[in-house]
Every structure is written in structure tokens, then in C-alpha cells.
1. Cα centroid distance between region 136-156 and region 1-63, in Å?
2. Report, in degrees rounded to the nearest 10, the 0 to 90 angle that the Cα long axis of helix 272-285 makes with the longest principal axis of the chain.
3. Could you give the distance between the Cα centres of region 236-277 and region 356-412, to the whole Å?
4. Dipole magnitude of region 250-384 about its Cα centre, charges +1 at Lys/Arg Cβ and -1 at Asp/Glu Cβ only, in debye to the nearest 20?
5. Using packing as a proxy for protection, rank 331-340, 92-101 so that the peptide with the highest average count of other Cβ atoms within 10 Å comes first.
6. Could you tell me the relative contact order of the chain? Use alpha-carbon pairs under 8 Å, at least six residues apart, and round to a whole percent.
7. Here are some pairs, 112/198; 198/256; 230/307; 29/439; 26/439; which of them have Cα atoms lying more than 20 Å apart in this structure?
8. Working with all protein chains in place, sort 56, 16, 284, 177 by solvent-accessible area computed with a 1.4 Å probe, largest first.
Amino acid sequence: MLPYTEPYKIKMIEPMYPSTRAQREKWIKEANYNLFNLKSSQVYIDLLTDSGTGAMSQEQWSALMSGDESYAGSRSFDSLHETITSLTGFPYVLPTHQGRAAENVLFSVMVKEGNVVPGNAHFDTTKGHIEFRKASAFDCTIDEANDTSVYHPFKGNVDIGKLENIYQVYGKERIPMIIVTITCNSTGGQPVSMENLKAVREFADRYEIPVIFDAARFAENAYFIKTREKEYQNHTIRDIVKEMFSLSDGMTMSSKKDGIVNMGGFIALNSKELYQEATTFNIMFEGYITYGGMSGRDMAALAQGLKEATTFEYLESRIKQVHYLGNLLQEAGIPVQEPFGGHAIFVDATRFLPRVPREEYIAQTLALELYLESGVRAVEIGTLLADRDPETRENRYPRLEMVRLTIPRRVYTRNHMDYVAAALQNIFERREKITRGYKIRYEAPIMRHFTVELEKI
Ligand SMILES: *Cc1c(COP(=O)(O)O)cnc(C)c1O
């Protein structure tokens, strides 16, 4: 057997920024030990997020040149519309400037004060847009999602029993929709099975409640269905995608993920009536219905990106790269969340650094160690992110303190993955010596992780 290789070669290059440990010590201190405060030129390999950080193909760059910038009736909108409709089956499409904007427009129509919106672990902006409207988001993910010691191929699945309980308490009137996030970002990029999507559809039909997919990583979800759900192993990705969306009434999309573009989003719907209502809000918040906050050229690149993202060749390389890194870490004995998700590897910081007290921000301590060791920027998914209880103002300690290594699409090579794994391995070898973490010097009242200032203990 021949070794696996990336299915693309490099035409244009972007410099990386190597640095010394002494430089990084100075920079991170100036950044108040907050990785968000670093300049990109102070980072060697950037694994902060996979959102909008991907590399476009030559076909996408060519599409940019032929973008049609007409205010209304743009040819580039037509091409985006046709692509979305042919992939998803949804006849109505509204472009928006990014995913949260799609949520803002659609929820302006659908979510009212006092509503409850069940789903599988809502993404934070989704939850934010629900709570902003004085409604509640209820997490109905299966229990296995929160147990790193059990294997489940679809840890993004919705627990139908939990949906049923919510229905019994609140009834149809207070449930405007069910949101299924594919893949489930908040549980670690974990997929939802077709079987489960069908079960959600059945439930929704029984009680006449619409189902909306938060579809940022829908193509990665389709890959997991193909590779983990026996019945689908001989289906094409596009057939799976079509079948997935046939089980929902509409979708919101962050094109910065599986659209493989740097900015953009959209809403796609079955219902003409819902589309017409959403149109008003789109025009108010985003722009006219044939551009909604996007340039013509960007819509053209997105149409092409969606086509590429729904090929097996692309998805296999994408997900194999993420899992290659996960396997390297696992072989080194580093505790990581399993099964690996689609877009990131999560390192279990509590098990990695057992001597650092949780009051001193274990996952942040590990993320900072990784930066100091190697210039790799990861992101804390732990106590800083979980923030304080709004009532008691006490720190909320999440069940898991994680460091997320998020892999941008088509940007880094296998050598870069080797480098990241080696850096973590070096830290793992001296983990017993790391006993203290950080304390907060300044924090904002909400979303503190973006602007927090820390100091070393
Ligand atoms: C990124 C993301 C969003 C929000 O999209 P933006 O483009 O960042 O505004 C919503 N839901 C999920 C699942 C996401 O991953």
C-alpha cells in the first residue's frame, strides 16, 4: 500500500512566522496571557479556529474574477442559488454575511419571547440569538456525548426521549422549531446519524414542529454517515447530503466552514411563506435578497466551494488529516477526546496536567504552554469560556477542561501536524513539573475569554 498524500499541490505560498521561545515569552506577556491578543505574525501554526481560515482552490479564485456585482439579479447569486438548491433541495435561498446573521434573520421570524428551542447542544451564537429574544435553548443531546470514556459513532445525536419530555411540558405553541446542528460543534464536531435525523423528523411530523439544520459542517456530517452508517457506505456524499436535508424544513449556514470561503452565510428554506417573511429582515439587516451582505464574487467562490466540499476526495483528506493528528497524540499517550470529530482534536487538559488546580485555569495553562513551547496557537474550551454564573458570579467549572486544536481546511500539511504533535509530546514529558496556572487580572462581564487579562501565579 502507498502512503496517503494530500490531494492537492501548492500554487501560491504564504509565509509562516518562526520565533524563539524568548520572543514568545515577551509577546504572550504583552498579550496578557490571552491567545486572542496575539498578532498572527507572532503565531507559527494557527489552530485557533477552522472558521473562515481555509484555502480556496484555483477554481474558486477564478470564480472571483467572474463575479457579477449587480445590485439586483446578479448572475453570481443565480449560480449560488442553483448550487444550493441542487445540493439541498431547498428552493428558497437568502444570502447573509455570515452564519450568525442567518440565525438573526430567521429567528427574527420564528422565535418569540417565552419560546423554547430544543436541539443537540446549540452553538453559542445560535443560543445567543435565541436567548436575546427571551427564549430558551434546551440541549437534548444523547448522554453519551458527555462521556469521553464511551465510544459512540454519532455523539451529536438527539435524544428523542428528551424532546418528548420538552413537548409534554411546553406543547406545540411554545416550540417554534427543533434545531439540529450538523456536525454538533459544541460536543466536539460530533456527527448526527441519518437514522437519528429520521427519528427527529418523525417526532416533528407527529407534533407539526419545523426542523431547522444549523448546517455549518453538513458535508463533514455526510462523510461520517458514509463511513460509519453501514446502510450508506455505497452512497455518494451528494446523495447523502440530499437525503439529510430532505429531513429538514430549512437550514442556516456559516459558509466559513464547509463553504470553504473566508466570509459568508445563507438561509435555505422549503416554505415560500417563511422565505417571504424572512426577506423583510434580510433586507433590513443584511442587504437586498440577491446579495444579503455578500459581494457577487464571494457568492461565485462560495458556489464553487460548496461543490468541492461535497466530494469524497476532499472530505477524506480533510478528516484524515484531523485524525492523523489525533492518532499521533494518542500513540504518545496524550489524553484526547474520542471518537475524533471532523474539524478538531480536543486534548483533555485535566488528565494532561493533573497537578494544576482547576481555580488556575488548567486548559488555558496548557494552551499557553503549547504556545510557549512551539508557537502553536490552540484555544481553551474550559473554565474561562464557561464564564461565571450570571446570578452567583462564581466561576462555572465545566465537566471537561479541553484544549481544542482546530484544523483549517487545506492550509497545513502533514509535516505541520507532526510539529504540533511533537510540541505537545515535549510538554507531556515534563507535565509533572507544571504545577501552577494563572489568575485573572481583568475580565469583561460577559464573553470574558475574548478579552480576559491574566497573570502567572
Ligand atoms: C460558526 C458556526 C455558527 C456561526 O457562524 P458565523 O459564520 O461564525 O457567524 C453557527 N453554528 C455553527 C454550528 C457554527 O459552527
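The values are calculated or read from the model by the stated rules, or taken from the named source; none is laboratory data. Computed from a predicted model, the values in this text were never measured in an experiment. Counting neighbours? That spans all protein chains shown, and the Cβs are built from the backbone with ideal geometry, glycine included. We work out accessible area using only protein heavy atoms, side chains counted, and drop any ligands, DNA or RNA first. Shrake-Rupley method; radii C 1.70, N 1.55, O 1.52, S 1.80 Å.
1. Their Cα centres are 31 Å away from one another.
2. For helix 272-285, the angle is close to 50 degrees.
3. 31 Å
4. 180 debye
5. Taking the mean over residues of other Cβ atoms within 10 Å, the ranking is 92-101, 331-340.
6. Relative contact order here is 22 percent.
7. 112/198; 198/256; 230/307
8. Final ranking, largest accessible area leading: 284, 16, 56, 177.
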